[in-house]
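What follows is calculated from the coordinates using simple rules that are stated; it is not laboratory data. Predicted, not measured: the structure shown is a model, and the values here were computed from it. Here the Cβ positions follow ideal geometry from the backbone for every residue, glycine too, while neighbour counts run over all protein chains shown.
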Amino acid sequence: MTPEMIYTTLVVLAVLAALASNRVPAEVTMMAALVLVLVGDVITPEQALAGFANPGLMTVAVLYVVAAALRDTGAIFWVAHKLLGQPKSALGSQLRLIAPTSLLSAFLNNTTVVAMMIPAVQEWAQRLRLSASQLLLPLSYAAILGGTCTLIGTSTNLVVDGMMQERGLDGFHIFDLAWVGVPLLIVGSLFLLLFGRRLLPHRQGMVEQVERAREYHVEVVLPEGSPLHNKTIQDAGLRNLTHGYLTEIQRGDKLFTAVGPDMLLQAGDQLAFIGAPDCARELQRINGLVPAHGGAHKLRLNNHQRCLVEVVIGPEFPGLNQTVKQAGFRTRYQAAILSISRAGRRLPGKVGEQILRVGDTLLLETGNAFVEQYRYRRDFMLVSPLSDSTPPDFSKAPLATAILVGMVGVNVLGLLSVLEAAFIAAGLLLVTRCVTVNRARMNVSVNLPVLVVIGAAFALGTALEESGTAGWIVDALIGQGLDNPWLALLAIYLITALFTEVITNNAAAVLVFPIANGVAAQLGVSPLPYIVAVMFAASASFMTPLGYQTNLMVMGPGGYRFTDYLKIGVPMSILAAAVSTTLIPLVWAF
């Protein structure tokens, strides 16, 4: 090995160790590696920065904007509610869980889909008297499997596709990977349905219980034209919310306190809920409900400008010992009070008639500027925004969905590349105000750390090639008797799968790609089977919570331990390897 090869190998080993330890943010580690191979003269500045202009990375970034629009218009919540339904058993729950999750993950960012599904799964677990740990890990696995079915289903596919195009190879169309992805999804789903309940633990997750939280009394109304009119409480998804429960319905002069799941809702009904602060955010995401009072509609704010905030009244609040109406709260603060909690208990009755005291906790609907404006004012002892509490604009959900379908359609027909179709879709979503520029560029929409990891990983992959390290690894593999194309394919798959379990999936794909390409060249066969193997192996992370972000997201809510991932993840990984390495050569010949 040359000094340059030794230096590059040491940098790569240091990166693997840092990412596996999970002590340093992945984007910091990868940028440090970029700097090291740059100052070590392994690559040029142009090569170091080329990854940030890669079509795959740009497509990932633009698709974040598309996903943000689908979230802000409520299209995701509407689709989830329609597809999830109300299962009656554990098996029915898993069936209802896998199908819509995998379908959405085929076209949307997996993290967004899983984040949206977690509250629904927790609600199922409460209603069916199941442990959430029986459902949440299958949720993550379904998102991973669904993402392998299309080119845009996971960022890894787009990154590898971008590297192919850089080397002069033709890129994939959206559904080209479905020949392997769909069978893998079917086999993986059957395994989860048949064996998942036996292998998964029965454990309580770290879910905040309603009775232990600050309690609010939140009232909403079904306006004229509400899509919930003439639907039962069960079908409307109001029977068992994650963060609250329905206590009564006011219909004209009649008050219904014994509210059954089969009761039909009518336009004009006023529904009262009791629950934690997040109950209000949960109700916002149900199409057909509006706040009953508090004057939220009079704030002259667009949907994308609104958010939920909790405040605690301080001793210098100017409206102490006055009713909300007398204090002119909405006019003074440009904020509508949705509910009031005192000593952790809800205050029932009309909000406008409540007398405000020191220490009262108010749940407000207000503008995004409220927090910065009043965080340090003496009116309130505490100002705390609820994360991701902007109400969806359901009126634009059909438009956003149509744009997504159009984006997929023009690529399938071969009219535009994935990047071009994504750019046009994002532009249309911005022009039609399905998502605003501010919302699109927020970190909650565009995941900058992921983009930095991808861009920097390209530089490390280039360093492996330029230094000759990738070629040295290829020679070592061939020297071990891997001169059979299928055995070499299996080796590439296993190396990528091992890397993705201990480092990020995108970094694993970028590091192994030059090795896979080199093996194909050495054997004199087509590189496509090896490239596709890298795609599927980098996504098939089932054995640890570190390899894929969705696995980590469900760890806390499901109360999982590291050994839980191994118990079900090892057979899932073996199954995925068997299906992938069998089908890939049949679709893309050596």
Checklist entry - When the helices in the chain are scored as -39500 (n - 2.57) per DSSP H run of 4 or longer and the sum is shared across all residues, what 222 nm value do you end up with, to the nearest 500 deg cm²/dmol? => result -17000 deg cm²/dmol
Item to check | Charge-dipole axis of the chain as Lys and Arg at +1 and Asp and Glu at -1 on Cβ define it, positive-most pick from A497, A509, G252 | outcome: G252
Checklist entry - Once Rh is set to the Kirkwood radius over Cα pairs, what Stokes-Einstein translational diffusion coefficient, in µm²/s, holds for the stretch 546-590 at a temperature of 25 °C and a viscosity of 0.890 mPa s? => result 198 µm²/s
Checklist entry - Where in the stretch 43-63 does the label zone of S526 land, with the point 7 angstrom along Cα→C-beta and an amide N cut-off under 18 Å? => result none
Checklist entry - Could you state the number of Å between the C-alpha centres of the stretch 217-267 and the stretch 570-588? => result 48 Å
Item to check | Spin-label pair L494/V587, simplified geometry with 7 Å Cα→Cβ offset, distance in nm | outcome: 2.3 nm
Item to check | Dipole magnitude of the chain, debye to nearest 20 (Cβ charges: Lys/Arg +1, Asp/Glu -1, about Cα centre) | outcome: 2300 debye
Checklist outcome for this item: Over its alpha-carbon atoms, the stretch 372-461 yields an Rg and a Dmax in Å of 18.7, 61
Item to check | Kirkwood hydrodynamic radius over Cα pairs of the stretch 432-590, then Stokes diffusion coefficient at 25 °C and 0.890 mPa s, in µm²/s | outcome: 143 µm²/s
Checklist entry - For T504, what is the net charge nearby, where nearby means another residue's Cβ is under 15 Å from its Cβ and Lys, Arg count +1, Asp, Glu -1? => result -1
Next on the checklist: Calculate the FRET efficiency for L416 and T2 from the Cβ-Cβ distance with a Förster distance of 45 Å, rounded to the nearest 0.05.
Outcome noted: 0.55
Checklist entry - For the Cα atoms of the chain, what angle does the longest principal axis make with the long axis of helix 485-502, in degrees from 0 to 90, nearest 10? => result 40 degrees
Checklist entry - Which aspartates and glutamates, on any chain, are close to K254 with Cα under 13 Å apart, when same-chain ones fewer than 8 places away are left out? => result D269
Checklist entry - Among residues other than Q165 whose Cβ falls under 15 Å from its Cβ, what is the net charge (Lys/Arg +1, Asp/Glu -1)? => result -4
Next on the checklist: At 7 Å along Cα-to-Cβ for each site, give me the label-to-label distance between L566 and R377 in nm.
Outcome noted: 5.5 nm
Item to check | For the stretch 340-498, convex hull volume per residue from C-alpha positions, Å³ | outcome: 264 Å³
